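Comments concern the structure below.
The values are calculated or read from the model by the stated rules, or taken from the named source; none is laboratory data. Just so we're clear, the structure is a prediction, and the values are computed from it rather than from any experiment. FYI the Cβ positions are ideal-geometry reconstructions off the backbone, even for glycines, and counts take in every protein chain you see.
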Amino acid sequence: MIRPFQPVQPQARAMLGIGFFVLFVGVWSIFTFGGYVPRHFLVDPVTMLGDGWYLLTQRNFLYDIGMTVWRVVGGFTIAAAIGVPIGIAMGTYKPIEALLEPFVSFARYLPASAFVPLLILWAGIGEAQKLSVIFLGVFFQIVLMVAGSVAATRRDLVEAAYTLGASDSGVVRRVLLPSSAPDIAEILRLVLGWAWTYVIVAELIGASSGIGYMIINSQALMATGQIIFGIIVIGLIGLISDFLFKSVNRWLFAWRFA
Amino acid sequence: MSELVIEGLGRTFPGVKGGKPTVALQPTNLTVPANDFVTILGPSGCGKSTLLRIIAGLDQPTTGRVMLDGVEIKRPGPDRGMVFQSYTLFPWLTVEDNIAFGLREKGMPAAQRRDIVASYIDKVGLKGFEKHWPKQLSGGMQQRTAIARALANDPKILLLDEPFGALDNQTRGLMQELLLGIWERESKMVLFVTHDIEEAIFVGSRVVTMSARPGRIKSIVPVDLPHPREYTIKSSPEFSRLRAHLTEEIRSEAILADKAH
């Protein structure tokens, strides 16, 4: 019987999680091995793995993966390093919020992918252009979400700090920051996922390396197995980085999970 | 010796969306000498919390002023410790770091801080819980920590805004005894806001009753029960007499307040 919010045993949880992956591959196998889908539309899982092996051993695909990871981490780190402090300032000081919030809300809706042609014009087709696309895609989101989280700090904690003699800067350093730090970490975890979408967009046009470059090359060769392998690699890296992020958050903010 | 003087203190909240302004507190006068334990008793909406928040410096009066040792209160400060009804421990700090919060803000060296924290851990009976996070504590223990945190700053006044309002009856009784014990030993000026009549009598040296809408002081009733007080005093004839008297005072106000809604 499934009942609302009833916990599930750790073993059963792992079984269910893995089970769905098995189901996914199973359905995929039925459609491809069963001949319901033409091979040039969708290859079967075994061929896909073979194509992947070929990419890794013959085409130096690890280098592409490395390039893509580097771009994601680079663009995301720059955006976070600038966006988080601006977000904190906006969430803390209302005049700064009044100044920046309307523009950031507007800029947030500008599609980063539409900037690709302009960015190629401005930054060429080198790494700066790749980083810029990711930066544009995630920077404004980080600013707005961080500002929202800081602004939502419990007022009674701020008041308690003042009655204990805290100065204004003391309230920022010792209440606003620690209180919203776990939320900021969660925001970064979420936004890192979006950075993966933008890096592929950046690599589809004007790139000479990276997972997205491999995918667009494979399209020309109708190598659907390679494309799917590339997509799955991105998924796996996302899964791993998410897991790492979650573990670090749990360790850093143990007070929340106590 | 510290002295708190409240002069013509009033607070009116502006009307919401063109509505009429709300008079939370009519101009009020009250003088509290050093070491006095004043309880402020009244129905909800009588402005008792507003009065306390202005003394804490968390709210600004519309008229009048509050003087502490001849200096007008304009903003919050470490000379006025406050314990709130809601649990306001910093959830990311352990019990001992919560208690040390104000001391760190003063820039006190770590060794000195440790001694003070240890002595207050002891006074509020939290030995063995120094490294716990607030989330791991019961409501009563959280409020004990909050009292220790306010007292560790050695404030001139301790302000308490219905600090035990969310606790169960048994725990509340124990907390009242704990607070009273600390006050009997440390002699500090205490302002304690509550709507619980028994609580107001048991801990207070004077009970200030307030009337609702607009809030104002209705009467000041001295409590001449001997110290040290124990919980058994709650069944004494003198206690019953005070309770009956204050029940009448508050009841008429509660009825008026209820009609005003």
A:Arg3 of a type outside the set (A, V, I, L, M, F, W, C), surrounded by 13 or more Cβ atoms within 10 Å (Cβ to Cβ) and part of a loop (DSSP other than H, G, I, E, B): no
Criterion: away from chain B (no Cβ under 14 Å) and within 17 Å of the chain's Cα centre (by Cα) - qualifying residue of A:Trp196, A:Trp122: A:Trp196
Single match in B:Ala166, B:Ala212 (criterion: touching a residue at least 60 places away in the same chain (Cβ under 8 Å), surrounded by fewer than 16 Cβ atoms within 10 Å (Cβ to Cβ), closer than 23 Å to B:Thr50 by Cα and of a type outside the set (Ser, Thr, Tyr)): B:Ala166
Condition met for B:Asn35 (assigned to a loop (DSSP other than H, G, I, E, B) and away from chain A (no Cβ under 14 Å)): yes
Number of the exception - B:Asp97 against (1) of a type in the set (Asp, Glu); (2) more than 9 Å from chain A (Cβ to nearest Cβ); (3) farther than 23 Å from A:Arg154 by Cβ: (3)
Condition check for B:Pro61: surrounded by fewer than 19 Cβ atoms within 10 Å (Cβ to Cβ), out of contact with any Gly (no Cβ under 6 Å at 6 or more places or on another chain), more than 14 Å from chain A (Cβ to nearest Cβ) and modelled with pLDDT of 90 or more: no
Condition broken by A:Gly170, with the remaining ones in (1) closer than 25 Å to A:Phe76 by Cα; (2) within 14 Å of chain B (Cβ to nearest Cβ) satisfied: (1)
Among the candidates A:Ser149, A:Ser180, residue that is within 14 Å of chain B (Cβ to nearest Cβ) and crowded, with 19+ Cβ neighbours inside 10 Å: A:Ser180
Of all residues in the range A:223-258 being polar (S, T, N, Q) and closer than 28 Å to A:Asp44 by Cα, the one that is farthest from the other protein chains (Cβ to nearest Cβ): A:Thr224
Hits in the range A:163-174 - residues which are in a helix (DSSP H, G or I) and surrounded by fewer than 22 Cβ atoms within 10 Å (Cβ to Cβ): A:Asp168, A:Ser169, A:Gly170, A:Val171, A:Val172, A:Arg173, A:Arg174
Of residues in the range B:100-140 being buried (at least 20 other Cβ atoms within 10 Å of the Cβ) and within 19 Å of the chain's Cα centre (by Cα), the one farthest from the other protein chains (Cβ to nearest Cβ): B:Val124
